Structures are given as structure tokens and as C-alpha cells.
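Heads up: the structure comes next, in C-alpha cells.
All of the numbers you see were taken from the coordinates with simple rules; none came from a lab. Given the structure is predicted, the values throughout are model-derived calculations rather than measurements. A quick note on method: Cβ atoms are made from the backbone with ideal geometry, for glycine too, and the neighbour counts reach across all protein chains shown.
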Amino acid sequence: MTIQQSVRPRQLLRRGAAAVALAAVLGGITAPVALAAPATSGTSAASAARSARGTLIGVTPLETIGRGEVVARLAALGFDTSTVRYGVAAYRLAYATVDPRGRPTTATGLLVLPVLPRQGVYRLDLVSDTHGTIATRDDAPSGGAGSNRLTPYLHASAGRAVSAPDYLGLGGGPGSHPYMDTASSVTASVDMLKATRAAAARLGRTVTRDVYGTGFSQGGQVAMALGRELSLGRDGLRLRGLAPIAGPYDLTGSELPGITDGRVAPRTAVFYLSYFLTAQNRLHPLYEDPAEVFRAPYAQAVETLFDGNHGVEEIAAALPATPEELLTPRWAENVRDPHGALLTALKAVDGSCDWKPPAPVRLYAGSGDTDVPLANTRACAADLARHGVRARIVDQGPDADHFTSAIRSAPQAVRWFDSLGRGVAGGAGSDG
């Protein structure tokens, strides 16, 4: 998809549906790459059943590009490219993980490595870069459309190995995506980090156990929850810093109120609500019949729109313009004042900031964001403060919508990771 072709879905969603619009734009920057068939069905499924979580199943080269091309792709979207030092090599990984019920499955993700000078021994720290909301399989980081690759390229070009999980049910993974299921997003991300270290070793690269976590939108929330898991020390990885961007950390107290009071753009709200309610219904049964939640004629189509095969423009065209047109009166009230099964689902998602990180945290956002209001970031900072952690909020300003927040924040996160001074390519690093 070219930038020009992406204008219509961005207008339909008013730069919204979180990273969907971002993914549509980024997809126009990366040249098409022929992908090998993903190792996610048949043999790989059987392998996953026999394999420990994080076991590497397959590595597929995607592309290798020089520093100048990295700069060109990032600059075309307005990224600050001053931290770009190297070219990058990208690979799709397939690996063993578990589904939301703990059953063996497979997932895919993107590994990006810096292309370094031949002289010297390099030990690379890890960046976990978790992506925002997408509904189409190929918009995942390792997908053929090339979407959601630019921030992994940005971090890798600064001299770190980047692990960018597709999450369950996206990229080459089987099944449907359990959207906003925090627990399975974390297990998929941890297992991708393990597979990343194994793949890097297979490719002759040394990667340390030090992890810097970042992510945008849905991925910002995942990054915070992933940091909590890594801080427990169960996975042999060490958290060194967290820099999430514009995450929906507080659905109950910030995001849903933003939907009901108009701080979230109506078309974006419709997308989020449709995706969240249909995905969560598979995990925490919210309804027996879609007609209980969605008005006609949308009740007949809404669940099939989020099967991983529909594009953002198609989804937006099939949904109404406002939440009032989407939801039945009973469920409009439930969104305003969550209770019952919906409240249970929200409690399972919220709380990603309610812990004490052993590493520094910076929270990036934009006060002009009408997808994920700044209130989410303030709530996250307040949760951390209750645990004695002062997390600096970096507000990109009132002119920074959701998309612009990502463009401005990601390079700043790279520079902040640099300032923490651990394991940049060619440096001392830490044990591998």
C-alpha cells in the first residue's frame, strides 16, 4: 500500500484505531519481500507440542538494507534519524509458545540485527518492541506487508538486537488474535525474546540477557506488563529500562471514560470497542448472541470482520460512525459503567503499571492524542508512584496525536536507552 492509498483508511479512522493507521502508512515504505512459507502449521504445531516455550522452530531471512536506506525509510515518515548508525538485517522467527489457556501453540515475530563492521567482537543488548493495535495478519512486524517494521529498524540501527513479537494469531501464527489479552501477549513476548537469543546465536551473533522494553499503543501496555514479568527473574533475562509510548494502561478509569465523553475520536472508539468486545468474548464470555451487544445490522458482521483477513478500510466501512450507532442501549450503559463479565475482563487487562520496576521508566505520550488519551499515561505514572517509582512523563505536546506521538517518541526512547549505557554494539555489554 502506498502512502497515497493509505490516506482513506486514515481519514476513516481519523488517524485512529491505534497503530492500524500507523501500520497502513508504514506498510507503504518497505519494499515487498518474498517470504518463505511460515513454519506455523502441521509440522511446527506438532513441534510446539513437544517443545519448551521459546523454542526456536524456524528462521526466515526477510531483507538486509544499508544505513542510507534505513535513514530514507524513517525520514519519509518524519522520524528523527540522528541515532541511525548501522544498516539492519531482518528475519521472521517461528517459535513455540502457549495460547491464553496455556496450551502449546506457535507464534511468529521479527528479529532485527544491526549490520556491524567485521572488525571487533560485539555483544548486543536486546530491545523488546511490542506493536500497537492491528487487525490484519500481514500488518504484523514479520508480515509480508512490511508494516510495523520501522521502529524495530530504528532500534536495531542504533546497535541493539530487536525482538518484535507478532503476538498470537497475527503474522504466521495460527488462530485468532486475543486482542488486549495481557497474559498471552506477555507470554508471546517473553518466548519471542528466548527465540531471539537462540536465532541470533544461530546467525553467529552474541546477544546478552539485558532487555530494554518499549512499545506503542497496545504495545505500550504490553511493554509494561512484560517488564513486570521480566522483573520476577524467572526467564533468565534482566530488565534494564522501560520506555512505553501512548499505552492504554487504564481501560476502566481512562480509556472507556474517554470513549463515553468524546476524548476518543468516535470512529476510533467504534473500532476499539468492536475489536475488544469480540476478542474478549472468546476468553471471558460476555454474550451468547452478538445482537445482545451490537445493533443491527452490525451484529451480523462484526465478529467476522476481525478474523485477521480484513483490512482497516474494509473494517471501517462496515462499521458505524459512532459508538451510539454500534451498541445496544444496555451495552452502551455497560461501557459507561462496567459491571459483570465486562468488568472481569477489564480487571484482567488493567494493572500493567501496578508494580515496582527495578529499572528506570519513562512514559511517552501526546496530549493531543484522541485514540489513547493522556489520562492513561498519567494513571500509569500514579500507579508507579504508589510503589515509590517516579516515572517521567514525556508529553509530545497538544499537536501530537496518536501517530505523531509514536514518530516523536521512538527516537527519544533510543537516545534514552543509549544514555543508560549498557551493551550498545561494540561496548562491554554484560554476560551472554
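If you rank THR268, THR133 by fewest surrounding Cβ atoms within 10 Å, what's the result?
By the 10 Å Cβ count, ascending: THR268, THR133.
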Students often check this: by mean Cβ neighbours within 10 Å, which of 292-301, 383-392 ranks highest, and how do the rest follow? 292-301, 383-392
Which residues' amide hydrogens lie under 5 Å from the amide hydrogen of SER367, considering only partners 5 or more residues apart or on another chain, with H built in the peptide plane? GLN396, GLY397, ALA400
Please find the FRET efficiency linking ARG101 to THR344, where r is the Cβ-Cβ separation and R0 is fixed at 22 Å, and quote it to the nearest 0.05. 0.85
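Any idea what diffusion coefficient region 337-429 gets from Stokes-Einstein, in µm²/s, Kirkwood Rh on alpha carbon pairs, 4 °C, 1.567 mPa s?
Working: Rh = 15.2 Å.
Calculated translational D: 85 µm²/s.
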Taking a quarter of the surface of the Cα convex hull of region 116-240, what do you get in nm²? 7.5 nm²
Cβ-based exposure ranking for GLU303, GLU324, GLU288, in which fewest neighbours within 10 Å come first: GLU288, GLU324, GLU303
Would you compute the Debye intensity of region 201-301 from its alpha-carbon atoms alone, equal scatterers and no solvent, and pass along log10 I(q)/I(0) at q = 0.16 Å⁻¹ to two decimals? -0.85
For region 43-201, what does the convex hull of the Cα positions come to per residue, in cubic angstrom? 107 Å³
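Just rank LYS194, LYS356, fewest to most, by other beta-carbon atoms within 10 angstrom. Present the calculation step by step, with values, prior to reporting the outcome.
Numbers: LYS194 21, LYS356 11.
Least crowded to most crowded, the residues run LYS356, LYS194.
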Listed highest first by mean packing, meaning other Cβ atoms within 10 Å per residue, what order do 307-317, 405-415 come in? 405-415, 307-317
Quick one: Debye curve from the C-alpha atoms of region 261-313, no solvent, what's log10 I(q)/I(0) at q = 0.16, 0.20, 0.22, 0.23 Å⁻¹? -0.50, -0.76, -0.90, -0.97
Using a 7 Å offset from Cα along Cα-Cβ at THR206, what residues in region 155-192 end up with backbone N under 15 Å from the label point? 161
